[in-house]
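Values quoted throughout were computed directly from the atomic coordinates according to the rules given, and no laboratory measurement underlies them. All figures in this text were calculated on a predicted structure; none of them were measured in a lab. A quick note on method: Cβ atoms are made from the backbone with ideal geometry, for glycine too, and the neighbour counts reach across all protein chains shown.
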Amino acid sequence: MNPYPHHSVRKVIDLSGVWEFAFLGALDPDTLNLGTVAFNERMVVPQAFDATPACAGKRGVAVYRNSLRIPAGTIARMRFGGVGMWCRVLIDGQAVAEHSGGYTEFWVDVPRSQNEQRELLVVVDNQFSFERSPLQEEYFDWYHYGGITRPVYLHLLPESYLRHATVHVLDWCTGDIEVALDLGGGAVESLALKASIDGTSIFDNQVSITDQKAVIRLQTPDPQPWSPEQPTLHTLHLHTADDDMEIRFGLRSVRTNGHEILLNDVPVKLKGICRHEFHPQFGPAQPPALMIADLQQVRQLGANFIRGSHYPQDQRFLDLCDELGFLVWEEAIGWQQALRHFTDERYLAAQEQCIDEMIAASINHPSVILWGILNEACTDLPESRPVFERLLGRLRKLDPTRLITYADHRREKSICLDLVDVVSFNMYPGWYYGEIEDVLPFIRKSLDAAHKLAGEIRPFIISEIGADAIPGWHDAHRKRWTEEYQADLLKIACEEMMQNEQITGISIWHFFDFRVTELKERVLGRPRSYNHKGLMDEYRRPKQAFARVKAIFEQS
């Protein structure tokens, strides 16, 4: 299952499979002597090495080895879908790239050589280090895995090639689009370019190139809009003399009108869930079969909306959301950042890199309607506002066509809500504070605060709400930790969302139970080292709340 863009002329080699592997333990990767590493183990790529029995729960440095066959003198690049948490890539013993963040796609240029047989080493470190991986910390309320957790592809390229193409929908009704091209390789002043959409040739001309970039305007033959009810995708195929690129896009618009989100000018209620990339056997390395199974269960729930928590999503998952008609909120990595983060330029630069890589990878997905940042940050402090202005401004600059938001848990104390298109509040009445009878008044109080602090009426999403339920735990008292209590609480929240016209949507926390940090001060409140707020357990077996929410979501 290769993510888009696809290629038919360009040779692309999927490097998924079994690689040579060595886990070396807790050490500084800068002190590593690669010449002494014995590759006595094997590891599947993609996979989280610390989700496998041999390395379960271990933190340290691991090394992957594979061989590449590249024709002599050929330009080659590797596309890494994601490596957690930090990595260094070496070709023939030469370090050519480093990357951190774990959840974003990045490209590595392979140095040219007259040798056809090349050695690829990937040094991976899943130890917590602010110096190496400033975006991931142990206190975060989900488990951070290590390894090459998303696919790797080798691209063999001509002297001048298509590096990236972005499809901007100018008019979803007429099918008028604009395609922004970014070229790689040798600089050129013009390019002979052919373009077809859905197999129909629509462009064959010489294109002027400035600074390796160009923009062309195209018309989609037989334009069909994309929506959750009819997720029609069009395919753009770009051809040069010796390269090509195939991109899918959807004709749709998203905007706000007061408290409504309009998709193709029609109001839409976002009935959804939050979803981590997790499974007990695979960690965050989701096989396509699991992605499809999850989406089938999202559909069975009657949901149309998925919040990708709390990091950029696997491109293969977003491809499926495009195909199946789910609406997606994708966000840069973050969880309860404090003032020390917001005053550290290294952290802010890493956030900007994460935003840049997220948008570059996902901008052509019609399913993505919301960009987000910094889940549950300290938005009540004056120092936070310049940070949110900077990062939200970057989102707007890179993609002005989508809505922006962030999940705020300071709520009535927040000073940044006027910066977003959609106000999103995380709230846990009836769980962390108050009792179940407080859920409804708390939601309505939060809605009033959102309207007041945002400065004008904006769409409002309950971005997190829920209660822990131990799978199979039932009690006549129907109190905390029982499946009954969770179902009762979510019934109140979901019914209010469906009935209250001023609430645009909900993303229930969480779709399934998932592993959390092993820090003692946190895990003592997380039985089995799991967050149990899932509508299902970690193996996707539904709890009572699943059926209760399903009955409400299916009312419209």
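Test of the criteria: in segment 1-55, which chymotrypsin sites (Phe, Trp or Tyr not before Pro) are in a DSSP loop and have at most 14 other Cβ atoms within 10 angstrom of their Cβ? Provide the component values of the computation, followed by the final result.
On the way: sites: Trp19, Phe21, Phe23, Phe39, Phe49; in loops: Phe39.
Hits after loop and neighbour filter: Phe39.
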Note to self: Could you check the spin-label model distance between Ile457 and Trp473? Points 7 Å from the Cα along Cα→Cβ, value in nm.
What the structure shows: 4.3 nm
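Pull out a ≥ b ≥ c, the square roots of the eigenvalues of the alpha-carbon gyration tensor of segment 61-183, then state rounded if a/c is under 1.5, prolate if not and a/b is larger than b/c, and oblate in the remaining case. Each step should come with its number before you reach the end.
Numbers: a/c = 2.90, a/b = 1.14, b/c = 2.55.
Since a/c reaches 1.5 but b/c is at least a/b, the shape of segment 61-183 is classed as oblate.
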Margin query: Compute, for segment 297-395, the length of the dipole vector about the Cα centre, with Cβ point charges of +1 (Lys, Arg) and -1 (Asp, Glu) only. Units Debye, rounded to 20.
Written below: 160 debye
Check: Just how large is the dipole of the chain about the Cα centre, in debye to the nearest 20, putting +1 at every Lys and Arg Cβ and -1 at every Asp and Glu Cβ?
Finding: 800 debye
Next item on the list: Can you tell me the dipole magnitude for segment 1-99 around its Cα centre, using point charges on the Cβ only (Lys, Arg +1; Asp, Glu -1), in Debye to the nearest 20?
Entry: 360 debye
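Just the number, please: percent antiparallel of the DSSP beta bridges in the chain, rounded to the nearest 5.
Numbers: 95 of 126 bridges.
Bridges in the chain that DSSP calls antiparallel: roughly 75 percent.
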Note to self: Among DSSP bridges having both ends in segment 212-308, what percentage is antiparallel? Round to the nearest 5.
What the structure shows: 70 percent
Next item on the list: List the relative contact order of the chain as a percent without decimals, with contacts defined as Cα pairs under 8 Å and 6+ residues apart.
Entry: 12 percent
Check: Sequence-distant or interchain residues sharing an amide H contact under 5 Å with Ser309, placed H: which?
Finding: Arg275, His276
Note to self: Which order do the peptides 301-307, 119-125, 132-138 come out in when sorted by mean C-beta neighbours inside 10 angstrom, highest first?
What the structure shows: 301-307, 119-125, 132-138
Next item on the list: Could you give the spread of the C-alpha atoms of segment 159-259 along their three principal axes, from largest to smallest, in whole angstroms?
Entry: 48, 31, 17
Margin query: Considering only C-alpha atoms, what is the centroid distance from segment 135-158 to segment 400-474, in Å?
Written below: 30 Å
Next item on the list: Specify the inter-centroid distance of segment 487-547 and segment 1-19, based on alpha-carbon positions, in whole Å.
Entry: 36 Å
Next item on the list: Step through the residues of segment 210-227 one at a time and calculate ³J(HN,Hα) from phi using the Karplus curve (6.51 cos²θ - 1.76 cosθ + 1.60, θ = phi - 60°), rounding each to whole Hz and writing x for Gly and Pro.
Entry: 10, 6, 6, 10, 7, 10, 10, 10, 10, 10, 6, x, 6, x, 10, x, 9, 7
Notebook entry, point to check: Computed FRET efficiency, Cβ-Cβ of Asp265 and Arg299, R0 25 Å: what is it to the nearest 0.05?
Noted result: 0.50
Next item on the list: Just list whichever of Lys413/Lys491; Lys413/Lys452; Lys58/Lys520 have alpha carbons separated by over 22 Å in the model shown.
Entry: Lys413/Lys491
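Taking 0.36 nm per residue of sequence separation and subtracting the Cα-Cα distance, how much length would be gained by fully extending the chain between Ala95 and Glu352, in nm to one decimal? Could you put the intermediate results ahead of the total?
Details: separation 257, 0.36 × 257 = 92.52 nm, distance 2.39 nm.
Length gained, Ala95 through Glu352: 90.1 nm.
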Checklist line | chymotrypsin sites (Phe, Trp or Tyr not before Pro) restricted to DSSP loop in segment 131-161 with at most 16 other C-beta within 10 Å | finding: Tyr139
